[in-house]
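Inspection log for the structure reproduced underneath, given as structure tokens.
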Amino acid sequence: MTQLEQFATPVDGVVARMRALDAALPARDGVAVFNRVYLAVTEAVDRHIDSGRFTDARAAITLDVRFAERYLAAVDAAAQGRRPPACWRPLLQFRRHPGVRPLQFALAGINAHIGHDLALAVVDACRTLDCEPAELEDEFDRVGDLLVTLEERVREDLMPGPDLLQIADPLTHLLGSWSLDRARDATWAAARALWALRRLPEVAEEFTDRLDAAVGFAGRMMLTPLPD
């Protein structure tokens, strides 16, 4: 087995877990809605790694896997009756609410995963690889570019047609209130701050808790039930 194949195995593992969730959850379940679009992007990252499009395959794999593991850990925690991070609680609590539209579920999942999990995944990857965040910036940017396709896929697959999505529709205002590009920029700043605070564990923990709570609050707003 080659070195790359050894590192690629964890990517296959998280893809397999997402596929299992996709098969097990009802299609309308809020977690299932997010899982489908995230699975597609994770598979795309895997293909990019296999085709050599990442300069540092090991760094890309480590970041991708640490990132996905945080989402899967939140889903596992909820399934086992444990308390998931605050950023994931709105989606996990409202996942079956009939007044929440699929697009809202998908955006709430993206908000939790990028706004909170990605920053912590960068720190996790730096510890695993014994490197500084700056050494992962290229991989962060490339993974981020692929995440843009996640948002595009969400809009293509889940957004109502132009005849249904009118300017007065609350969903129109919801879509205009959140930006993936701004979230990525904030996440990179948060990751660098957390890395700088690693020798001050109490401060780092407080920073992480506040980030988690703020992202969770935004997610709760995204999941406000809307009229048909």
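Considering only the stretch 120-159, how many residues are of a type in the set (S, T, N, Q), modelled with pLDDT of 90 or more and within 15 Å of H48 (Cα to Cα)?
Residues in the stretch 120-159 being of a type in the set (S, T, N, Q), modelled with pLDDT of 90 or more and within 15 Å of H48 (Cα to Cα): 0 in total.
Considering only the stretch 95-125, state which residues are more than 11 Å from A183 (Cβ to Cβ) and surrounded by 24 or more Cβ atoms within 10 Å (Cβ to Cβ).
Residues satisfying the conditions are Q104, F105, A106, A108, G109, D117, A121, V122, A125.
Would you please list the contacts, defined by Cβ atoms under 9 Å and residues six or more apart or on different chains, that run from a residue in the stretch 115-129 that is β-branched (V, I, T) to a residue that is open to solvent by 20 Å² or more (accessible area, probe 1.4 Å)?
Within 9 Å, the pairs are V122/R66; V122/W188; V122/R192; V122/W195; V123/R66; V123/W195; V123/R198; T128/R66.
In this structure, does R95 turn out to be within 19 Å of A218 (Cβ to Cβ) and either at pLDDT below 95 or β-branched (V, I, T) (or both)?
Taking the combined requirement at face value, the residue does not satisfy it.
Could you grab me the full set of residues in the stretch 160-202 that are surrounded by fewer than 17 Cβ atoms within 10 Å (Cβ to Cβ), among the basic types (K, R) and modelled with pLDDT of 90 or more?
Those that are surrounded by fewer than 17 Cβ atoms within 10 Å (Cβ to Cβ), among the basic types (K, R) and modelled with pLDDT of 90 or more: R198, R199.
Within the stretch 209-218, can one find any residue that is open to solvent by less than 60 Å² (accessible area, probe 1.4 Å), of a type outside the set (D, E) and at pLDDT below 95?
yes
What are the residues in the stretch 40-64 that are among the β-branched types (V, I, T), under 17 Å from E135 (Cβ atoms) and buried (at least 20 other Cβ atoms within 10 Å of the Cβ), if any?
Result: I61, T62.
The values are calculated or read from the model by the stated rules, or taken from the named source; none is laboratory data. Predicted, not measured: the structure shown is a model, and the values here were computed from it. Using ideal geometry, Cβ is built from the backbone for each residue, glycine included, and neighbour counts are taken over all protein chains shown. Ligands, DNA and RNA are excluded from the accessible area calculation, which covers all protein heavy atoms including side chains. Shrake-Rupley method; radii C 1.70, N 1.55, O 1.52, S 1.80 Å.
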